[in-house]
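Heads up: the structure comes next, in structure tokens.
The values are calculated or read from the model by the stated rules, or taken from the named source; none is laboratory data. Note that the structure is predicted; figures quoted are calculated from it, not measured. Heads up, the Cβs are rebuilt from the backbone with ideal geometry, glycines too, and the neighbour counts pull from every protein chain shown.
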Amino acid sequence: MARVSQEHLDARRRQILDGAAHCFARNGFHATSMQDVLREVDLSAGAVYRYFSGKEELIGAIVTEVLDEIRDAFEAAALRQPPESPDILVEQVMRRVLATGVGVRAGGPVGVARLLIQVWTETLRNEELAAVLRGGYAKVSGAWTKVVEAYQEAGLMRADIPAGDVARTMIATCQGFAAQQALFGEVPIDVLQNGVRALMSMGAPSAVGSEIS
């Protein structure tokens, strides 16, 4: 019997995750059955269950992948000294997440946003998934905190405010933008970037010049 290569195994696992992400983004977690996933990927039950024990494990794998993608983007940004400004950084990270990995498989910005909303809802009843999300959040928060600390060390941001507080606020901004995408439809990432840029301008001469004059 021919030995199956690791490359083939990885490709098959990728095929299953791709199909599951598409199904979940389109129909939701609860309305999607394993039979739906099987039809989507055109594989037998045995082939799929060789890689994943069921829907819960598929969901966990997709969530982990999304969070790892976000964490990697911020960790890469933290290596730049100093990092890009928050408005540019948020735009770059959002585009990276949407253009690669789960972003493509879920069907674009709205698909990813719908997937995220479902994940957050699912964690309220699924402790295992909640643990995955907490672990992923800690990694993303840690990467964001490093970026904020780099801003502070470079004198670009007030150093008397805890870096973790800023990181949590920026994560909340991205989460809120994703929620709006899911609820109200696709919005260009430029809108988020412009909003962050405007908030950053408060107190700058161009922002208060009219009052001085």
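Of everything in the stretch 55-88 that's touching a helix residue (DSSP H, G or I) at 6+ places or on another chain (Cβ under 7 Å) and under 21 Å from H8 (Cα atoms), which residue is surrounded by the fewest Cβ atoms within 10 Å (Cβ to Cβ)?
The qualifying residue surrounded by the fewest Cβ atoms within 10 Å (Cβ to Cβ) is E65.
Which of the residues spanning the stretch 136-148 are surrounded by 13 or more Cβ atoms within 10 Å (Cβ to Cβ) and under 14 Å from the mean Cα position of the chain (by Cα)? Explain how you work it out, then say what you get.
Initial filter on the stretch 136-148 (surrounded by 13 or more Cβ atoms within 10 Å (Cβ to Cβ)): 136-137, 139-148.
Of everything in the stretch 136-148, those that are surrounded by 13 or more Cβ atoms within 10 Å (Cβ to Cβ) and under 14 Å from the mean Cα position of the chain (by Cα) turn out to be G136, Y137, K139, V140, S141, A143, W144.
Could you tell me how many of the residues in the stretch 1-30 are farther than 18 Å from A61 by Cβ and either acidic (D, E) or surrounded by 21 or more Cβ atoms within 10 Å (Cβ to Cβ) (or both)?
Residues meeting the conditions: 1.
Please pick out the residue among A159, A167 that is at pLDDT 90 or above, over 15 Å from I88 (Cβ atoms), outside any helix (DSSP H, G or I) and in contact with a helix residue (DSSP H, G or I) (Cβ under 7 Å, 6 or more places away or on another chain).
Details: A167 fails: outside any helix (DSSP H, G or I).
Step by step, each of A159, A167 is checked, and only A159 is at pLDDT 90 or above, over 15 Å from I88 (Cβ atoms), outside any helix (DSSP H, G or I) and in contact with a helix residue (DSSP H, G or I) (Cβ under 7 Å, 6 or more places away or on another chain).
Looking for whichever is under 14 Å from L115 (Cβ atoms) and acidic (D, E) here; the options are D42, D10, D68, D18. Which one fits?
Values: D42 fails: under 14 Å from L115 (Cβ atoms); D10 fails: under 14 Å from L115 (Cβ atoms); D68 fails: under 14 Å from L115 (Cβ atoms).
Going through D42, D10, D68, D18 in turn, just one is under 14 Å from L115 (Cβ atoms) and acidic (D, E): D18.
Being farther than 19 Å from F29 by Cα and charged (D, E, K, R) is the filter here, so list the residues in the stretch 113-157 that pass it.
R134, K139, K146, E149, E153
Identify, from the list A150, A167, A198, A182, the residue that is touching a residue at least 24 places away in the same chain (Cβ under 8 Å) and farther than 30 Å from I62 by Cβ. First the steps, then the outcome.
Details: A167 fails: farther than 30 Å from I62 by Cβ; A198 fails: touching a residue at least 24 places away in the same chain (Cβ under 8 Å); A182 fails: farther than 30 Å from I62 by Cβ.
Only one candidate qualifies: A150.
Within the stretch 122-132, work out how many residues are assigned to a helix (DSSP H, G or I), modelled with pLDDT of 85 or more and either touching a Ser or Thr at 6+ places or on another chain (Cβ under 7 Å) or not charged (D, E, K, R) (or both).
Final tally of qualifying residues: 2.
On the given criteria, is L79 without any contact (Cβ under 8 Å) to a residue 12 or more places away in the chain and closer than 19 Å to A25 by Cα? Give the steps one after another, and end with the answer.
Working: without any contact (Cβ under 8 Å) to a residue 12 or more places away in the chain: yes; closer than 19 Å to A25 by Cα: no.
Criteria not met by L79.
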